[in-house]
Amino acid sequence: MSGAVGTASSPFTRRGVLFLVLFGAAAFLSLIWMIGNGDGSREDNDGGAHVGGMGLTGFSALASLLEKQGYAVQRSRNEGAFARPGLLVLTPPQFVSAEEISKAIGKHRADGPTLLVLPKWMAFQVPPLLKNKLKPKPGWVLLDGADAPMWANDIDPLGDLDVLQSKADAAGSGWSGLGYSGGFPDPKHVQPMFGDSIIPLVSDGVDRPLVGYLDDGTANSDLSDAAGVPFDEDEFEEYEYPLIVVS
């Protein structure tokens, strides 16, 4: 992973992790990249935006951090992970079927909360001609700008969800939420989202949601308190778990 996250307060503090697993049934974290990426025969650290990737867009460091904090982390790349209890973290790539993502979310919501991380960076492996010059470590990637996922508006549970790119001059000084605040890794590429069914948890400097949960009655009182909204016990759907989106 890169040090590009800056020196601002990290969102992956113990309180932040506890927030993700506060639903009680989240006995372990299942980090999965979509089944379209292969059958398990590929090298894990291949520069991809998944739990095996150690490049700028990978999530290997997050999994290692959670393990060092005492959480059980299960890495999986098959559909069997969708029906296992606990927190499911989905990190789909830029080019994937919205139907596949909707299917994964639908299969898991009765078994635990789901955290959907939307892609942003366009990344590729370091080409052989540049390896002598750049001397990359295994799994490192080069970034070629950023782009919002085209499929975000087609995820069944989310309804109309618009995701866009903007610069920091429109996003204020940084992000804030859940009692924390910090700067952006790259102020030129900020990716807020808009949707009538999204309750913000983390926002940018002009109150555009960066992290939020689906307002469908599945959020318990702890999640409602974190968002600063009243908890309606009469509307609480206790037989399904919440869906959180990170843009």
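The values are calculated or read from the model by the stated rules, or taken from the named source; none is laboratory data. The structure presented is a predicted model; accordingly, all values stated were derived computationally and were not measured. All Cβ positions, glycine included, derive from the backbone under ideal geometry; neighbour counts span all protein chains shown.
Of the conditions (1) part of a strand (DSSP E or B); (2) modelled with pLDDT of 90 or more; (3) of a type in the set (A, V, I, L, M, F, W, C), Phe124 satisfies every one except a single condition; which number is it?
(2)
Determine which member of the set Ser2, Ser64, Ser76, Ser9 is more than 22 Å from Gln191 (Cβ to Cβ), of a type in the set (Ser, Thr, Tyr) and at pLDDT below 85.
On the way: Ser2 fails: more than 22 Å from Gln191 (Cβ to Cβ); Ser64 fails: at pLDDT below 85; Ser9 fails: more than 22 Å from Gln191 (Cβ to Cβ).
Every option except Ser76 fails the conditions.
Looking at Leu130, Leu115, which one is among the hydrophobic types (A, V, I, L, M, F, W, C) and either within 25 Å of Leu210 (Cβ to Cβ) or in contact with a His (Cβ under 8 Å, 6 or more places away or on another chain) (or both)?
None of the others qualify; the one that does is Leu115.
Tell me which of these Pro149 doesn't satisfy, since it passes every other one: (1) in contact with a Pro (Cβ under 8 Å, 6 or more places away or on another chain); (2) assigned to a strand (DSSP E or B).
Of (1) in contact with a Pro (Cβ under 8 Å, 6 or more places away or on another chain); (2) assigned to a strand (DSSP E or B), only one is false for Pro149: (2).
For the stretch 68-96, which positions are in contact with a Lys or Arg (Cβ under 9 Å, 6 or more places away or on another chain) and surrounded by fewer than 17 Cβ atoms within 10 Å (Cβ to Cβ)?
The answer is Gln69, Gln74, Glu79, Ala83.
Can you find a residue in the stretch 149-172 that is within 18 Å of Leu56 (Cα to Cα) and not acidic (Asp, Glu)? If you could, list the steps in order and put the result at the bottom.
Our first condition is that a residue be within 18 Å of Leu56 (Cα to Cα); within the stretch 149-172, this holds for 149.
Still in the list and also not acidic (Asp, Glu): 149.
Yes, that holds for at least one residue.
Of everything in the stretch 202-247, what is over 22 Å from Asp154 (Cα atoms) and touching a helix residue (DSSP H, G or I) at 6+ places or on another chain (Cβ under 6 Å)? Give them in sequence order.
Listed by number, the list holds a single entry, Phe231.
Within the stretch 152-179, can you find the residues that are part of a strand (DSSP E or B) and of a type in the set (Gly, Ala, Ser)?
Selection gives Ser166, Ser176, Gly177.
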